[in-house]
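The values are calculated or read from the model by the stated rules, or taken from the named source; none is laboratory data. For clarity, every value in this text was computed on a predicted model and none was experimentally measured. Glycine gets a Cβ as well: all are built from the backbone with ideal geometry, and neighbour counts include every protein chain shown.
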Amino acid sequence: MKMMTVKRLHRVVLGTCTILLLLAACTGGVLDRPGSTHAPPTRILLIGNSFTFFHRGIDKELKGLAPSSRVSRIAAAGYTLEDHWNDGAAAREIREGGWTYVILQEQSQRPVVDWQSFYKFSREFDIVIRESGAETVLLMTWERPDSVAGGVTTASLASAYDAVGAQLGAGVAPAGQAFARSLLQRPDLPLYSQDGHPTEAGTYLAACVLYGVILQRTPVGNSYVGPGVTKDDAAFLQQVAAETLGF
């Protein structure tokens, strides 16, 4: 058997590398596959209240969608960002470092009824978050049936979150707008109770929105289906999140 010439070997290696690069481009690469356990490790901390921890919690659903990520939460019923700031536990956790993203979820009415406090304590947290080397993401909540008369609507919440996001230069995860889109298309699929607490489908949808914002990829096609959510409903909610984010 004749030995392969150096020139021919060089052509073979180049050809193989080209094929591998093309395959990676066509498939998005192993790291980009939805739900892949080989995705780049991301450490995510959620700070919120019962809207965050209901039905196992948005953190658990986000972990299901992005299993290679480490996702934790600090959430207490009824807490505002001011409460979290005065409590001190969330700031201490952030200062310990190692987080990639810190998600701030304000009490569901405060962004509209007390925007100045929402901005003040979002800014306080944002300073600590940036000093730790992490990035801030604001999780926009959704319109509560019992608060619409008081002006707490999808539009007013979106305006408040976008304004604070712009002031801080922080990302906004528009879960509230995804809820509105979902209910417009599928009013038969309940996403929250009268006081705004999310159903299992609502928690899953919020996680899909966060997944898209943080990982910068569509949740459509992700194999994870949350507890209490049917496969068909999960596919629908993934699509709603993707459409809301412009994927």
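A few points about this structure:
- Which numbered condition Ala89 misses (of (1) crowded, with 20+ Cβ neighbours inside 10 Å; (2) closer than 13 Å to Ile74 by Cβ): (1)
- Considering only residues in segment 38-52 that are surrounded by fewer than 21 Cβ atoms within 10 Å (Cβ to Cβ) and over 20 Å from Gly97 (Cβ atoms), the one that is farthest from the chain's Cα centre (by Cα) turns out to be His38.
- Taking the conditions (1) crowded, with 18+ Cβ neighbours inside 10 Å; (2) at pLDDT 95 or above; (3) closer than 25 Å to Arg181 by Cβ in turn, Trp115 satisfies each one other than (1).
- Checked against (1) in a helix (DSSP H, G or I); (2) closer than 18 Å to Ala66 by Cβ; (3) not aliphatic (A, V, I, L, M), Phe247 meets all criteria but (1).
- Being of a type outside the set (S, T, N, Q), under 16 Å from Leu245 (Cα atoms), touching a residue at least 60 places away in the same chain (Cβ under 8 Å) and surrounded by 18 or more Cβ atoms within 10 Å (Cβ to Cβ) holds for only one residue in Ala175, Ala206, and it is Ala206.
- Filtered by the rule that a residue be in a loop (DSSP other than H, G, I, E, B) and of a type in the set (Val, Ile, Thr), segment 133-153 gives Thr141, Val152, Thr153.
- Lone unmet requirement of (1) over 23 Å from Gln177 (Cβ atoms); (2) surrounded by fewer than 22 Cβ atoms within 10 Å (Cβ to Cβ); (3) without any contact (Cβ under 8 Å) to a residue 40 or more places away in the chain for Pro67: (3)
- For segment 180-192, the criterion of being farther than 20 Å from Gln107 by Cβ, part of a loop (DSSP other than H, G, I, E, B) and under 18 Å from the mean Cα position of the chain (by Cα) is met by none of the residues.
- Among the conditions (1) closer than 20 Å to Phe53 by Cα; (2) in a helix (DSSP H, G or I); (3) not small (Gly, Ala, Ser), Asp232 misses just one, which is (1).
- Check on Leu183, surrounded by fewer than 22 Cβ atoms within 10 Å (Cβ to Cβ) and touching a Ser or Thr at 6+ places or on another chain (Cβ under 9 Å): no
- Pair list, Cβ < 7 Å and 6+ apart or interchain, from segment 217-244 residues that are of a type in the set (Ser, Thr, Tyr) to residues that are at pLDDT 95 or above and not in a loop (DSSP other than H, G, I, E, B): Thr218/Gly212; Thr218/Ala242; Tyr224/Gly64; Tyr224/Leu65; Thr244/Gln177; Thr244/Ala178; Thr244/Arg181; Thr244/Val209
- Residue in segment 151-162 that is touching a residue at least 12 places away in the same chain (Cβ under 8 Å), touching a strand residue (DSSP E or B) at 6+ places or on another chain (Cβ under 7 Å) and closer than 16 Å to Phe51 by Cβ present: yes
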